[in-house]
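Worksheet for the structure shown next.
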């Protein structure tokens, strides 16, 4: 292919309409047809990255292998594409403006008057092209966050318009819009989408496709209406109804030959058969019947009267993928850690679950509840998987209740603890003193050497390594933390039965702990959930689900 192709995905009518999954699904389809694909997310926030955003407001902070803290949609892209992305694949308004200002300060504009237009859109286009080049992509999918009609994303839309103007045959637009079916009316309404399309037209952009999100599939009459009032071909109104699993979406799209329509719009032809492995995975998920009950103990999913599971989306998807791969059907139960602080008698409800996950987090709220959960799982032999903070929780619990170190804690919560079994990393202490918070944690891929004879060693050996460049028993996993296992207590904890199963070879940092004589009580300082993909499930999640399924009474 002589020229790069670009697909912009924008949203209409309301937020959370599914742009990220739509973009990821399109990428899956095009990759399956033999093209090299990459994906970018343009977030309209002034934040430089997602690392300083509250999970209950914005959802999960996803971390790339090169250490960028970004939007959860980047995780969807990686899972659907089966590719590792970098910081070049993510941009925010803050990051773009930061680059423009730095260039101005460095006289890179040659003394010109630097203006919002054209210099900000030019910076956006340059970043898109750099990400395309870095990935050696033939087709680049760019999701623009927010909804058309908002002030925040106008400059990203302007950049898209300018790129289309200069490359008219190489750029197409997809509008992901919601078509409501009011219960008292009983008819799918296209008018909000018509308005969204016209709003996009006011930015100088004409959508080539409209992805019609709704409770039900779109019918021919609604397609004709959208064709007439939004100036698209009737078969370019793509049905996108609600589904049981997000992994059904690429298959549903292909049932409408969406991929071939996209390629035709870009003057391309498919090179190979589509979605063969993906369809196999989807069928396996649909046919799974034996239930495995997994509890997730957290504090970031309570938002008013609702549950915000997006705070732990990569954990949830990793569990689903590992379960379906083993012909199991996962059932989730959300467990608020604060509940067990206020009502410790409720801990006995954990007996009804097959496995418990304590995911990453920060701060003191709910920590004693998490420690109580870890103690209950250890004593009652319930499979426990601690991720980052969850590993630290397991260490604190073991130090207190097995080693007798009363008052053992993490320095994050109790700087004056007599037994700081979790302490701040030296370089992080200096950063905290300077109030250097943004993008300054221990981020991205770091090496971990596995200890032979451990559950973790066996898991990676059986189910595969997270990266192709790993040299077993060295693995590389993604990190996001400031506090670390305190090696001063390592010998004492190991003698009592908290095995060190993995260490960083450069700094001798403890990366994995395991409780001996337990079906599965593993804590990892890293985030294995970021490396799980439908066609390549993560090893430790596979081992955890296997252990949990052996507990299952269903």
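Report for the range 5-280 the percent antiparallel among DSSP-assigned beta bridges with both residues inside it, nearest 5.
5
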*According to the square roots a ≥ b ≥ c of the eigenvalues of the Cα gyration tensor, what is the shape class of the range 473-554, taking rounded for a/c under 1.5, prolate for a/b larger than b/c otherwise, and oblate for the remainder?*
oblate
*asked:* What distance in nm separates the two pseudo spin-label positions at residue 346 and residue 333, each 7 Å out from Cα along the beta-carbon direction?
replied: 1.2
*Pairwise label distance in nanometres, residue 150 with residue 277, each label 7 Å out on the Cα-Cβ vector*: 3.4
*Volume per residue that the Cα convex hull of the range 1-110 spans, once the total is divided by residue count, Å³*: 142
_Using the alpha carbons of the range 5-280, what is the convex hull volume per residue in cubic angstrom, as a whole number?_
135
*Going by how many other Cβ atoms sit within 10 Å of their own, how do 314, 183, 197 line up, fewest first?*
183, 197, 314
*Among DSSP beta bridges lying fully in the chain, give the percent that are antiparallel, nearest 5.*
35
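Could you work out the relative contact order of the range 498-554? I mean the mean sequence separation of Cα pairs under 8 Å and 6+ apart, divided by the number of residues, in percent.
Relative contact order, the range 498-554: 21 percent.
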*Return, for the Cα atoms of the range 454-509, the radius of gyration and Dmax in Å, separated by a comma.*
13.0, 36
*Note the full-extension length gain between residue 536 and residue 134 as 0.36 nm times their separation in residues minus their Cα-Cα distance, in nm to one decimal.*
142.4 nm
*Based on DSSP H runs of at least 4 residues, each adding -39500 (n - 2.57), what is the mean residue ellipticity at 222 nm of the chain after dividing by all its residues, to the nearest 500 deg cm²/dmol?*
-11000 deg cm²/dmol
_Degrees between helix 276-287 axis and first principal axis of the chain (Cα, 0 to 90, nearest 10)_ = 60
*Percentage relative contact order, the chain, counting C-alpha pairs under 8 Å, at least six apart*: 15
_Just to confirm my numbers, what's the Cα centroid distance between the range 424-489 and the range 1-80 in Å?_
25
*Let me know the shape class of the range 211-307, please: from the alpha-carbon gyration tensor, a ≥ b ≥ c as square roots of the eigenvalues, rounded when a/c is under 1.5, otherwise prolate if a/b is greater than b/c, or oblate.*
oblate
*Quick one: angle between helix 220-230 and the longest Cα principal axis of the chain, in degrees between 0 and 90, rounded to 10, please.*
70
*Given the range 496-543, what whole percent of its Cα pairs are spread farther than 17 Å?*
44
*What do the square roots of 5 times the Cα gyration tensor eigenvalues come to for the chain, in whole Å, largest first, as semi-axes of the equivalent ellipsoid?*
42, 27, 22
_Taking N as its residue count, the alpha carbon Rg of the range 194-266 over 2.2 N^0.38 Å_ = 1.12
*Can you tell me how much longer the chain between residue 256 and residue 401 gets when fully stretched, taken as 0.36 nm per residue apart minus their C-alpha distance, in nm with one decimal?*
46.3 nm
*Nearest-ten-degree value, helix 93-105 long axis tilted from longest Cα axis of the chain*: 80
*Pull out the extension gain between residue 112 and residue 289, defined as 0.36 nm times the separation in residues minus the alpha carbon to alpha carbon distance; nm, one decimal.*
57.2 nm
*At what distance in nm do the modelled label points of residue 507 and residue 233 sit from each other, each positioned 7 Å from its Cα along Cα→Cβ?*
5.5
*Could you grab the relative contact order for the range 5-280? Cα pairs under 8 Å, six or more apart, rounded to a whole percent.*
26
*Translational D (Stokes-Einstein, µm²/s) of the range 344-394 at 10 °C and 1.306 mPa s when Rh comes from the Kirkwood sum over C-alpha pairs?*
145
_Proxy reagent accessibility, fewest Cβ within 10 Å first, across 213, 490_ = 490, 213
*Based on the alpha-carbon gyration tensor of the range 174-229 and its eigenvalue square roots a ≥ b ≥ c, which shape applies: rounded if a/c is under 1.5, prolate if not and a/b is larger than b/c, or oblate?*
prolate
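Taken together, the values in this text are just the output of simple stated rules run on the coordinates, not laboratory data. What you see is a predicted model, and the numbers here were worked out from it, not measured in a lab. Backbone-built Cβ (ideal geometry, glycine too); neighbour counts: all protein chains shown.
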